[in-house]
Each structure stands twice: as structure tokens, then as C-alpha cells.
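Participant: Once you've had a glance at the structure underneath, I'll fire off some questions.
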Amino acid sequence: MEISTILDEREKTHGDYTNNCVVSQKLKQAMADAVGYNKLSMVQKETLDRIATKIGRILCNPNVKDHWTDVQGYAKLAGDLVK
């Protein structure tokens, strides 16, 4: 499969790439600016980054179940590590 075909398919499920990037980066910056961010582990920070990316995708196309399932999965993976 050619990359252009893959990118066309992803735009249908993930929405416009530029818009998704802007939304995700604004969310990530807001989290990084929050009090307590520096208390998070690397896993917790990365989990929040991944969730922010998924939120960006959800805002571009909220009707893809995979986006919602991925948020649950990331939260569970990180939550399971909390003692």
C-alpha cells in the first residue's frame, strides 16, 4: 500500500493532521504548565501525552471507537502502576 493511500485512510479516522497536532500540543502544553506536572513519573507524563493525542483525534472525529478505547487502555496501564 502506498503512503498516500494510508494517509488518506488516516485522515478519515484521525481528522486533519495539522488541526490534530495543534489541539494535541495545546493540551500537552497546558499539562506541562500545571502545578504538579514535575511530580509525575516519566510513564505518567507519557501516558498523559498519549491521551492528549487521542483527545485531539476524538475532537477531529469522535465516532471512532478505537480512540476512546485507547484512552481507557493508556489510563489503565498507568493506573496499574500506581501503588
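The values are calculated or read from the model by the stated rules, or taken from the named source; none is laboratory data. For clarity, every value in this text was computed on a predicted model and none was experimentally measured. With ideal geometry, Cβ positions are generated from the backbone for all residues, glycine too; neighbour counts draw on all protein chains shown.
Participant: Would you confirm whether or not segment 31-43 contains a residue that is within 10 Å of the chain's Cα centre (by Cα) and among the aliphatic types (A, V, I, L, M)?
Facilitator: Within segment 31-43, not a single residue is within 10 Å of the chain's Cα centre (by Cα) and among the aliphatic types (A, V, I, L, M).
Participant: In segment 1-17, what count of residues is obtained for those that are over 14 Å from the mean Cα position of the chain (by Cα) and hydroxyl-bearing (S, T, Y)? Break it down stepwise before answering.
Facilitator: As a first pass, look at segment 1-17 and keep what is over 14 Å from the mean Cα position of the chain (by Cα): 1-12, 16.
Those still in the list that are hydroxyl-bearing (S, T, Y) too: 4-5.
Total meeting the criteria: 2.
Participant: Looking only at residues that are in contact (Cβ under 8 Å) with a residue 12 or more places away in the chain and among the acidic types (D, E) in segment 50-83, which one is surrounded by the most Cβ atoms within 10 Å (Cβ to Cβ)?
Facilitator: Among those residues, the one meeting the criterion is D70.
Participant: Can you confirm whether segment 51-63 contains a residue that is farther than 21 Å from R10 by Cα, at pLDDT 95 or above and not acidic (D, E)?
Facilitator: no
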